[in-house]
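One structure is given below, encoded as structure tokens.
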Amino acid sequence: MRILKGGVGFFDSGIGGMTVLAECQKRCPGEFFYYYGDNKHAPYGNLPSEKIRRFVKKAFRRFRKLKVRAVVLACNTVTALCIDELRGQYSFPIIGAEPALVEGAKRGGEVFALVTRATYTSDRFQRLLSDVARRYPQSNVTAYPCDLLAGMIERHIFDPDFSYVTYFPKGTPNSVVLGCTHYIYIKEEVRGFYQCPVYDGNEGIAKRLCSILQKERIENKRSHKKPKKAKKKVEKKRFLRIFFLGSGKKGNKRLYEQMFAYKNR
């Protein structure tokens, strides 16, 4: 199948970013997308930063060839480690996945932030923690690097009997923030375990992407440029508006169709 150029790219180490993609597809129904999943090397959370950067650069070379209009880093780890560098190298908009710490902190009390090890040790995340602590002194945000959780989700996503609770930190928080897009697959299990509100950043990412694309359309109208559109044959089924790339493209396509495609029609 020929891959159309001029769409919106999504990148993740594996399956986690598809939760972001589904939200963006729902909010931006006229767009077409590329989902680059590097499942061969997933999860990224415990890998050395230089390895992660090398894998990400490979994906972005592919995005550049496809003439993307924007890229969503649908991975908190990659956002924490790479987004500033990538924004300095590429002219198209790059949207990151940041933990929704503000949403949790606004409620006050004890906030648990579940993140990967790479996110936890990154300067960007530590700055975010400090900023939230300064702005919301009524909250106590504690970050927990859940070293094995993303990998367990990759392996057991279709196993309804598998329990993830042994990988959750113990405590009684007032709210929980999911700082990895993989964790969103088990959001209900997290909510049931802690019996409190659980936040993720997907809605904010989708709103940001739609805002950028809307601004682009306005600028195209002003300059009399026609926005790029997918061919009609690609529009028959919405899940066909996604081109899957990377080492996990076959499995990711199958998973997306099973879990998200028909929900978004």
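Every read-out reported here was derived from the displayed coordinates using simple, explicitly stated rules and does not represent laboratory data. Since the model is a prediction, treat every value here as computed from it, not as a measurement. As a convention, Cβ positions derive from the backbone with ideal geometry for all residues, glycine included, and neighbour counts pool all protein chains shown.
Hydropathy first: keep DSSP H helices in the chain averaging at least 0.5 on Kyte-Doolittle, then drop any whose Cα extent along the axis falls short of 20 Å, and list what survives.
none
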Where N is the number of residues in the chain, Cα Rg divided by 2.2 N^0.38 Å: 1.00
Residue pairs, from the table Lys106/Lys207; Lys58/Lys170; Lys187/Lys207; Lys106/Lys221; Lys207/Lys249, whose Cα atoms sit over 31 Å apart: Lys58/Lys170; Lys106/Lys221
Amide H partners (placed H, <5 Å) of Gly201, local residues excluded: Ala100
Residue (of Gly7, Gly17, Tyr44) at the positive-pole extreme of the stretch 1-45, dipole from beta-carbon charges: Gly7
Most mobile listed residue (Pro48, Pro173, Pro160) in the chain, GNM with C-alpha springs under 10 Å: Pro160
Bins of 5 Å from zero: percent of alpha-carbon pairs in the stretch 101-199: 2, 14, 24, 25, 19, 10, 4, 1, 0
Selected from Ile218, Ile153, Ile52 as most flexible by GNM, with the chain as the system and alpha-carbon contacts under 10 Å: Ile218
Length-normalised contact order for the chain - Cα pairs under 8 Å, 6+ apart - percent: 27 percent
Electrostatic dipole magnitude of the chain [Cβ: Lys, Arg +1; Asp, Glu -1; Cα centre; debye, to 20]: 2240 debye
Which of Ile242, Ser223, Ser130, positive extreme of dipole for the chain (C-beta unit charges): Ser223
Computed [θ] at 222 nm, helices only, for the chain once each DSSP H run of length n ≥ 4 contributes -39500 (n - 2.57): -13000 deg cm²/dmol
Long-range HN-HN contacts of Gly7 with modeled amide H, under 5 Å: Arg69
